[in-house]
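The values are calculated or read from the model by the stated rules, or taken from the named source; none is laboratory data. For clarity, every value in this text was computed on a predicted model and none was experimentally measured. Please note: Cβ atoms are built from the backbone with ideal geometry, for glycine as well, and neighbour counts cover all protein chains shown. Quick note on the areas: whole protein, heavy atoms, side chains included, nothing else; ligands and nucleic acids left out. Shrake-Rupley method; radii C 1.70, N 1.55, O 1.52, S 1.80 Å.
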Amino acid sequence: MSKVGDIIFSKRDSLNKSMQTLATEIGVTAQYINDIEKNKKKTPPANETLIKIAAALNMTEEEKTDLLRM
């Protein structure tokens, strides 16, 4: 089973979007995005943050729903 960070990294990478760009778009630091992608966070990001990430990465409704269920 994929982790939240793996899915975010894969989607971001497929769009050739940098961590810094994603971070700026959603109002967090690049280090925060890095921590999520490396699965270093002890608790998952808040749903509000995940929704912002999904929008910034142009995720489909299905992808967003899957992300929120993790």
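The set of residues in the range 29-52 being surrounded by fewer than 18 Cβ atoms within 10 Å (Cβ to Cβ), farther than 19 Å from residue 69 by Cβ and among the hydrophobic types (A, V, I, L, M, F, W, C) consists of 30 alone.
Pairs linking a residue in the range 39-62 that is over 16 Å from residue 22 (Cα atoms) to a residue that is among the polar types (S, T, N, Q) and part of a helix (DSSP H, G or I), with Cβ atoms under 9 Å and 6 or more positions apart or on different chains, are 40/34.
Scanning the range 1-28 for residues being touching a helix residue (DSSP H, G or I) at 6+ places or on another chain (Cβ under 7 Å), open to solvent by 80 Å² or more (accessible area, probe 1.4 Å) and either among the charged types (D, E, K, R) or in contact (Cβ under 8 Å) with a residue 24 or more places away in the chain (or both) gives a total of 2.
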